[in-house]
Amino acid sequence: MNSVFFAQASRFIILVLFQVLIFNHINFLGYINPYIYILLIAFFPVRNNRIVIIFISFFLGLSIDLFLDTGGVHAAACVFIAYIRPILLKSSFGMIYEHQTIRFNTVDFGAKLTYISLLTIVHHFVLFSLEIFNFSKIILILQKALFSSIFSIILIILITVIFSRKTK
């Protein structure tokens, strides 16, 4: 229990620091920003209580909002993806999610890519919708969400490949 808590707390701190100190300073073409901190939500242990992941997601998003002075849009987007996470897990992994036997380091790459892509696209769409909050700018919202999602997905996949533990 303590080692799991320590591992999750360490990931939380590391992802917030990397997001704030490195990835927030990447602003390619004015609207492409990677948001890798959602890795914590994506790979949070499945067997844990759903309320726990929602609270952790809220504090993760709030931490990013405090550093970026963004007024809660990251917290809202994080809570939303934490809330719909079971639906995305079921649609990406099917029966292994139903039986609560998902081990992210052993699942098929295609299923993992689908899951990360869905989670990232939903997060970015909610984030940019709340950030811009103007329906007349729907094209800008979609453009920022799409291109930032693509960049974020590539970085998240690279990070998971580099830092994944191989198990047989």
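All of 113, 119, 142 fail the test of being assigned to a helix (DSSP H, G or I), surrounded by 17 or more Cβ atoms within 10 Å (Cβ to Cβ) and among the aliphatic types (A, V, I, L, M), apart from 119. Pairs meeting the criteria (first residue in region 22-36 and in contact (Cβ under 8 Å) with a residue 60 or more places away in the chain and closer than 17 Å to residue 123 by Cβ, second residue of a type in the set (D, E, K, R) and in a helix (DSSP H, G or I), beta carbons under 9 Å, at least 6 apart or on different chains) are 31/144; 32/144; 33/144. Among the candidates 154, 150, 159, the residue that is surrounded by fewer than 14 Cβ atoms within 10 Å (Cβ to Cβ) and under 15 Å from the mean Cα position of the chain (by Cα) is uniquely 154. Taken over region 133-151, the criterion of being among the basic types (Lys, Arg) and free of Cβ contacts under 8 Å to residues at least 24 places away in the same chain is satisfied by 137 alone. Counting only helices (runs of 4 or more DSSP H) that sit completely within region 1-83, those holding 1 or more residues that are modelled with pLDDT under 90 correspond to 2-21, 50-68. Evaluated against (1) aromatic (Phe, Trp, Tyr); (2) modelled with pLDDT of 95 or more; (3) touching a Phe, Trp or Tyr at 6+ places or on another chain (Cβ under 7 Å), residue 125 falls short on exactly one condition, (3).
Please indicate, with yes or no, whether at least one residue in region 133-145 is among the aromatic types (Phe, Trp, Tyr), in contact with a helix residue (DSSP H, G or I) (Cβ under 7 Å, 6 or more places away or on another chain) and within 20 Å of residue 80 (Cβ to Cβ). No, there is no match, as no residue in region 133-145 is among the aromatic types (Phe, Trp, Tyr), in contact with a helix residue (DSSP H, G or I) (Cβ under 7 Å, 6 or more places away or on another chain) and within 20 Å of residue 80 (Cβ to Cβ).
The values are calculated or read from the model by the stated rules, or taken from the named source; none is laboratory data. Since we're looking at a predicted model, the values are computed, not measured. When we count neighbours, we look across all protein chains shown, and the Cβ atoms used for this are built from the backbone with ideal geometry, even at glycine.
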